[in-house]
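Encoded as structure tokens, the structure appears first; notes follow it.
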Amino acid sequence: MGATDIGYVKSSFHNGITSIEFFHPQSNSLPGKILDELAKEIHSAGNDNETKVIILRSGGEKAFCAGALFDELITIKDKEHGTEFFNGFARVINAMRKCPQFIIARVQGKCVGGGVGLAAAADYTIALEGADIKLSELAIGIGPFVVGPAIERKIGVSAFSQLAIDTTLWRSADWAGKKGLYAELHHSIEAMDESLHRITNNLAHSNPAAMAAMKKIFWKGTEDWDHLLTERAAISGKLVLGEYTKHAIQKFKTKQ
């Protein structure tokens, strides 16, 4: 069984709250299969009238998400395959954007690349101290094209460009909080989960119609993202085929 075939996405429901958890043994990296399942689970929860609020979380106690799975990136042989892989990120972000319920992200560890995109696309993100962030895409010859709009929307052009340009510097969770990526930052898992329980239970007893209307307002100006993110996926899908990128990914994999 290859690295692209392992991991999981699972959902659970309790008292109006749907919790969607993803996991991959390589620091919660995201192969295409997990991206597809995530988008489907978010879409399904969004269409469930019993679901009042959604929690997005990853398994384990270490990294929240390491972004795209290098083992899959290295196997991409043509632009169509590459575009389809990066469209996986587009589908997840658009599912989060269009879902009428608020999505609360639980970030227990470091975020890289697409992981930062997930944290940014959530409507409210609760994080643990030490949940530092980095956009490493340029270091492997591509760029944060698909997740970029979500990150820029949340933290602004200046902070996004700093992350995208300096691919080697980890920005602290405190930095991410001050820029608006994290709504809350906690010193312990217990404190983070207590706050997560508090806010999701409050939302589960709030008016769904009011929350849906608020979410539409919060995401105003993103109506073209179905088209925009697909265009961005095509840019990454082409760049990932380059010799620079192939060599850089192999170099990264050797270090792991």
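Which shape class applies to the range 55-119: rounded if a/c is under 1.5, otherwise prolate when a/b exceeds b/c and oblate if not, where a ≥ b ≥ c are the square roots of the Cα gyration tensor eigenvalues?
oblate
If you put +1 on each Lys and Arg Cβ and -1 on each Asp and Glu Cβ, how big is the dipole of the range 106-181 around its Cα centre, in Debye rounded to 20?
In total the dipole reaches around 100 debye.
What is the distance in Å between the Cα centres of the range 52-108 and the range 116-154?
11 Å
Could you tell me which of rounded, prolate or oblate describes the range 129-242, using a ≥ b ≥ c as the square roots of the eigenvalues of the alpha-carbon gyration tensor, with rounded for a/c under 1.5 and, failing that, prolate when a/b is larger than b/c and oblate otherwise?
Verdict is oblate for the range 129-242.
Testing the spin-label approximation: label points 7 Å from Cα along Cα→Cβ at Tyr8 and Trp219. State their distance in nm.
Between Tyr8 and Trp219, the simple spin-label model gives 2.8 nm.
Need one number: convex hull volume per residue for the range 195-238, Cα atoms only, in Å³.
So the per-residue Cα hull volume is 109 Å³.
Starting with the highest mean, order 8-19, 91-102 by the number of other Cβ atoms within 10 Å, averaged over the residues of each peptide.
Packing order, densest peptide first, comes out as 91-102, 8-19.
Using helices alone, what [θ] at 222 nm do you get for the chain, with -39,500 (n - 2.57) per DSSP H run of 4 or more residues, divided over all residues and rounded to the nearest 500?
-15000 deg cm²/dmol
Return a whole-number percent for the relative contact order of the chain, with Cα pairs under 8 Å and 6 or more residues apart as the contact set.
Rounded, it is 22 percent for the chain.
Please give the length that would be gained between Asn202 and Ser44 if that part of the chain were fully extended, namely 0.36 nm times their separation in residues minus their C-alpha to C-alpha distance (nm, one decimal).
Result: 54.7 nm gained on full extension.
I'd like the Karplus ³J(HN,Hα) series for the range 218-227: coefficients 6.51, -1.76, 1.60, θ = phi - 60°, whole numbers in Hz, and an x wherever there's a Gly or Pro.
Whole-Hz 3J(HN,Hα) from phi for the range 218-227: 4, 9, 4, x, 10, 4, 8, 5, 4, 7.
What is the chain by shape, rounded, prolate or oblate, if you read a ≥ b ≥ c off the alpha carbon gyration tensor as root eigenvalues and call it rounded for a/c under 1.5, prolate for a/b larger than b/c, and oblate otherwise?
Because a/c hits 1.5 or more and a/b exceeds b/c, the chain counts as prolate.
Ranked highest first by the average count of other Cβ atoms within 10 Å around their residues, in what order do 145-154, 115-124 fall?
115-124, 145-154
Ranking request for peptides 128-136, 234-242: highest mean number of other beta-carbon atoms within 10 Å first, then the rest in descending order.
Per-residue Cβ counts within 10 Å, averaged per peptide and sorted highest first, yield 128-136, 234-242.
Assign unit charges at the C-beta atoms only (+1 for Lys and Arg, -1 for Asp and Glu), then state the dipole size of the chain relative to its Cα centre in Debye, rounded to the nearest 20.
With only Lys, Arg, Asp and Glu charged at Cβ, the dipole is about 360 debye.
Every number here is computed from the coordinates shown, using simple stated rules; none is lab data. Just so it is clear, the model here is predicted, and its values are computed rather than measured. Neighbour counts are summed over all protein chains in view; Cβ atoms, including those assigned to glycine, are modelled from backbone coordinates with ideal geometry.
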